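Below: one structure, written as structure tokens.
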2 protein chains.
Amino acid sequence: MKKMDGGVTAAKGFMASNTAAKIKYEGRDDMAMIYSEKPCVTAGTFTSNIVKAAPVQYDKKLVDSGEKAHAIVINAGIANACTGSQGMEYCIETAKATAENLNISEKSVLVASTGVIGMQLPMDRIKIGIRQMVPALSSTREAANKAAKAIMTTDTIEKEVAIKTVIGGKEVTIGGMCKGSGMIHPNMCTMLSFLTSDVNISKELLQEALLETVNDSYNMISVDGDTSTNDTCVILANGLAENGLISDKGEDYEKFKDALMEVNKTLAMKMAGDGEGATALFEVVVKNADSVDNAKVLAKSVVTSSLTKAAIYGHDANWGRILCALGYSGVNFDPEKVDLYFESANGKLQIIENGVALDYSESEATEILSSNHVTAICDMHMGDYQATAWGCDLTYDYVKINADYRS
Amino acid sequence: MKKMDGGVTAAKGFMASNTAAKIKYEGRDDMAMIYSEKPCVTAGTFTSNIVKAAPVQYDKKLVDSGEKAHAIVINAGIANACTGSQGMEYCIETAKATAENLNISEKSVLVASTGVIGMQLPMDRIKIGIRQMVPALSSTREAANKAAKAIMTTDTIEKEVAIKTVIGGKEVTIGGMCKGSGMIHPNMCTMLSFLTSDVNISKELLQEALLETVNDSYNMISVDGDTSTNDTCVILANGLAENGLISDKGEDYEKFKDALMEVNKTLAMKMAGDGEGATALFEVVVKNADSVDNAKVLAKSVVTSSLTKAAIYGHDANWGRILCALGYSGVNFDPEKVDLYFESANGKLQIIENGVALDYSESEATEILSSNHVTAICDMHMGDYQATAWGCDLTYDYVKINADYRS
């Protein structure tokens with residue numbers, strides 16, 4: 001498995017394009033399109049929020065029905081959530097316009113939106129955007145990068161990844177892009193994440209690999225504890241790598257899943273590190289818990305604690321808040337057995353042994369916490385299970401972004 | 001039932017005092033004492049956090065054992081949490097020193113601490129503080145007020161209340177004080193709340209009335225989602241009102257419980273409104289839910305949403321975030337039936353009908369949200385049950401307080 005520079009056009013047969021449709025933003029691209037020269041086996045996971053945006057409902061139905069996807073159209077600026085039957089009508093119109101322009105089946109077009117909740121899409125501009133994007137489709141590295149930029153909202157940087165691996169003697173590539181900065185506390189999936197692969201795989205195993213890897217990647221990040229109405233992660237696989245069809249859980253499946261996990265973990269960490277207002281990626285590793293589920297709950301409880309996140313922003317080794325967050329997680333453990341370490345590129349330091357503070361150096365701790373990627377390691381001494389969660393610090397800018405701007 | 005100016009000395013036979021023991025703060029009082037001239041029937045509720053501070057463990061044992069409390073000693077600055085066996089030893093020493101100075105039984109002294117987690121108490125200064133407070137005990141209004149000020153940490157204002165009611169022909173008074181500003185997300189109880197009453201009641205019914213009223217008051221507020229290690233609410237009843245003993249759930253019990261609910265609700269709302277950095281009390285009323293439990297979960301989900309809290313700070317009628325927070329609460333409902341209203345001293349406005357935005361005036365909404373007490377009313381149209389939760393807005397100052405200062 002090898003990481004490479006690339007995004008949604010890295011795998012064979014995939015193209016992307018973008019345009020500025022002036023949906024809400026001025027002076028920047030705000031629509032993107034992904035197209036595969038061959039219809040794709042498709043899997044997806046969607047928000048668990050009861051309030052589901054229209055495009056989430058639309059895509060879920062298509063993916064569940066087993067339709068092969070051929071193209072995805074995405075807009076930023078308006079989420080098309082809480083928009084009633086009109087919002088659903090606009091999904092259908094978007095898919096229809098895309099299908100006509102690409103000369104493909106309407107049922108093979110997925111749609112996705114991100115941005116403000118409650119506003120209706122300006123369909124005239126959406127349709128102009130689609131007409132502009134179709135002739136501009138390209139398999140270049142640049143086209144993928146511009147598409148990743150076009151789907152951003154409060155994100156400060158585009159998020160892409162590409163991984164190559166060899167399956168059944170054939171080179172297989174998975175590429176992806178995602179966006180997400182606020183309203184990030186995925187449950188079943190995250191904001192918007194689009195993955196493309198030339199792997200040859202059955203729909204069932206593609207869906208299973210996606211679910212398994214989403215649970216340990218996107219579902220373990222949190223920026224602010226708010227699970228979005230629009231969370232979507234879809235993967236399109238067109239089979240052009242020409243590996244033998246992956247239809248059982250043998251070695252090929254495991255290799256593909258490992259590569260997909262790397263893709264999803266990389267994108268998830270990029271989202272957490274680019275959380276609204278964040279100055280640091282905050283990683284929480286829970287070791288030696290008595291089950292994987294408990295390890296996950298503990299790690300997420302720490303990574304979502306507002307007080308802990310503010311302390312990380314202040315480079316303050318405020319370990320009491322971490323013990324406190326473990327304590328109210330709902331998981332049973334012995335506080336007098338917990339060890340805690342802080343780690344970053346600047347070093348590693350044990351802070352707590354058996355639930356009580358060691359005589360550590362505050363200045364050394366501050367040095368370690370003054371990094372843009374800080375890890376807290378909690379050793380529960382209860383069993384053999386481990387989990388990792390990713391978040392970010394809580395800063396003035398998070399408040400500024402969300403108090404001053406209807407995002 | 002009548003609200004009056006007063007605090008922990010309002011009920012017959014209760015005295016209070018305070019002192020500056022220099023435990024952590026300089027130039028202010030940081031210890032308080034409550035004393036009843038008669039031993040009191042005592043009830044208490046304590047944090048559900050697995051990591052329990054030493055004084056929480058100490059008091060819980062005493063209250064559960066049925067010991068009558070005679071005095072409470074409280075310090076601010078150091079929480080005596082995560083302090084191991086040494087911390088527990090210090091609780092015992094504090095109670096012993098208080099008992100000796102007051103000439104009462106060691107088992108009749110409750111202890112409470114709030115402040116930084118992980119530091120040990122300076123016992124020499126605690127003992128000097130106790131010696132100073134005993135001769136200064138007083139039943140004046142001023143003594144209660146100074147005690148309420150002495151227990152503050154990041155609180156900006158002292159929190160007191162007193163209620164008079166008539167039970168069995170006798171005037172009964174309940175007074176109280178509490179503190180709490182950050183790490184506020186009570187579960188079973190809140191930060192520190194001390195209630196005194198001259199009511200004559202059995203221990204069993206005192207405990208039951210406390211539990212019932214705590215669930216609908218302190219347990220419905222949240223500042224930051226972090227459940228503290230030190231949450232404590234105790235009530236002392238000395239019987240000096242001379243009403244006939246309340247020993248069954250008749251009219252007298254209901255009258256007492258109503259007065260106690262008013263005391264606890266008032267203190268809870270004061271804590272929420274004085275949340276760290278807050279500029280407004282944020283009240284969420286969920287109406288017509290299909291059960292009380294679901295109404296509570298929905299109301300708490302909205303009141304704890306970081307995005308909603310930031311929007312309240314920005315006076316932004318960002319109703320999409322409220323629908324979103326209802327949606328990820330875990331409660332099942334029909335998003336297309338929800339109505340939403342904003343209300344404050346500046347007016348009332350319906351924003352959503354049947355899950356879709358009305359054509360409301362943004363400037364009118366902003367005017368309503370520009371108040372220091374803002375209410376969101378969510379009508380679920382599912383049943384007849386209602387719940388109210390209280391929180392506050394999320395501001396720059398919340399981040400500042402918690403990033404810059406080890407509280």
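The values are calculated or read from the model by the stated rules, or taken from the named source; none is laboratory data. It should be emphasised that the depicted structure is a prediction, and the values quoted were computed from it without experimental measurement. Because the Cβ atoms are built from the backbone with ideal geometry, glycine has one as well, and the counts that use them run over all protein chains shown.
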(message) Quick check on segment B:21-37. Is at least one of its residues under 25 Å from residue A:331 (Cβ atoms), touching a Gly at 6+ places or on another chain (Cβ under 9 Å) and surrounded by fewer than 18 Cβ atoms within 10 Å (Cβ to Cβ)?
(response) no
(request) Would you check which residues across segment B:207-225 are modelled with pLDDT under 80 and either surrounded by fewer than 24 Cβ atoms within 10 Å (Cβ to Cβ) or closer than 19 Å to residue B:286 by Cβ (or both) and list them? (result) B:222, B:225
(message) Looking for something over 26 Å from the mean Cα position of the chain (by Cα), under 18 Å from residue A:402 (Cβ atoms) and among the basic types (Lys, Arg) - is there at least one such residue anywhere in segment B:343-351?
(response) no
(request) Go through (1) assigned to a strand (DSSP E or B); (2) away from chain B (no Cβ under 13 Å) and name the single condition residue A:97 misses. (result) (1)
(request) Kindly list the number of the only condition in (1) part of a helix (DSSP H, G or I); (2) within 14 Å of chain B (Cβ to nearest Cβ); (3) at pLDDT below 95; (4) surrounded by fewer than 24 Cβ atoms within 10 Å (Cβ to Cβ) that fails for residue A:63. (result) (2)
(request) Tell me which residues, restricted to segment B:7-20, are crowded, with 22+ Cβ neighbours inside 10 Å and outside any strand (DSSP E or B). (result) B:7, B:8, B:9, B:10, B:11
(request) Identify, by number, the condition in (1) touching a residue at least 40 places away in the same chain (Cβ under 8 Å); (2) crowded, with 24+ Cβ neighbours inside 10 Å; (3) outside any loop (DSSP other than H, G, I, E, B) that residue A:70 doesn't meet. (result) (1)
(request) For segment B:358-368, indicate whether the set of residues that are outside the structural domain of residue B:181 (by TED's automatic domain parsing) and closer than 20 Å to residue B:389 by Cβ is non-empty. (result) yes
(request) Residue by residue through segment A:34-60, note down the ones that are more than 14 Å from chain B (Cβ to nearest Cβ) and in contact with a Cys (Cβ under 7 Å, 6 or more places away or on another chain). (result) A:44, A:45, A:55, A:58
(request) Would you point out the residue of segment B:233-291, among those that are touching a Phe, Trp or Tyr at 6+ places or on another chain (Cβ under 7 Å) and β-branched (Val, Ile, Thr), that is modelled with the highest pLDDT? (result) B:246
(request) Can you tell me which residue among B:387, B:365, B:357, B:376 is more than 8 Å from chain A (Cβ to nearest Cβ) and more than 28 Å from residue A:277 (Cα to Cα)? (result) B:387
(message) When the residues of segment B:118-155 are narrowed to those that are of a type in the set (Val, Ile, Thr) and closer than 30 Å to residue B:258 by Cβ, which ends up modelled with the highest pLDDT?
(response) B:140
(request) Output the residues belonging to segment A:287-343 that are in contact with a Leu (Cβ under 6 Å, 6 or more places away or on another chain) and surrounded by fewer than 20 Cβ atoms within 10 Å (Cβ to Cβ). (result) A:315
(message) Can you confirm whether residue A:300 is basic (Lys, Arg), within 30 Å of residue A:40 (Cα to Cα) and within 25 Å of the chain's Cα centre (by Cα)?
(response) no
(message) Pairs needed: first member in segment B:122-144, crowded, with 16+ Cβ neighbours inside 10 Å; second member anywhere, in a helix (DSSP H, G or I); C-beta distance under 7 Å; at least 6 residues apart or different chains.
(response) B:126/B:94; B:127/B:97; B:130/B:97; B:130/B:98; B:130/B:101; B:134/B:101; B:134/B:102
(request) Any chance you could count how many residues in segment A:81-94 are under 27 Å from residue A:197 (Cβ atoms) and part of a loop (DSSP other than H, G, I, E, B)? (result) 0
(request) Go through (1) in contact (Cβ under 8 Å) with a residue 24 or more places away in the chain; (2) within 28 Å of residue B:215 (Cβ to Cβ) one by one and return the number of the condition residue B:313 breaks. (result) (2)
(request) Give the number of residues within segment A:81-100 that are surrounded by fewer than 18 Cβ atoms within 10 Å (Cβ to Cβ) and either farther than 30 Å from residue B:311 by Cβ or not hydrophobic (A, V, I, L, M, F, W, C) (or both). (result) 8
(request) With the checklist (1) charged (D, E, K, R); (2) out of contact with any Lys or Arg (no Cβ under 7 Å at 6 or more places or on another chain); (3) within 12 Å of another protein chain (Cβ to nearest Cβ) in hand, flag the one item residue A:316 doesn't pass. (result) (2)
(request) Being touching a helix residue (DSSP H, G or I) at 6+ places or on another chain (Cβ under 7 Å), within 14 Å of chain A (Cβ to nearest Cβ) and among the hydrophobic types (A, V, I, L, M, F, W, C) is the filter here, so list the residues in segment B:117-143 that pass it. (result) B:117
(request) Taking only segment B:285-307 into account, find how many residues are touching a residue at least 40 places away in the same chain (Cβ under 8 Å) and closer than 20 Å to residue A:306 by Cβ. (result) 6
(message) Here is a list: A:19, A:47, A:42. Which entry is more than 30 Å from residue A:170 (Cβ to Cβ), at pLDDT 90 or above and β-branched (Val, Ile, Thr)?
(response) A:19
(request) Give the residues of segment A:45-60 that are among the polar types (S, T, N, Q) and buried (at least 17 other Cβ atoms within 10 Å of the Cβ), sorted by residue number. (result) A:45, A:47, A:49
(message) Take residue A:148 and tell me if it is more than 14 Å from chain B (Cβ to nearest Cβ), in a helix (DSSP H, G or I), farther than 30 Å from residue B:359 by Cα and touching a Ser or Thr at 6+ places or on another chain (Cβ under 8 Å).
(response) no
(message) Please determine whether any residue of segment B:319-340 is touching a Cys at 6+ places or on another chain (Cβ under 7 Å), within 11 Å of chain A (Cβ to nearest Cβ) and farther than 19 Å from residue B:393 by Cα.
(response) yes
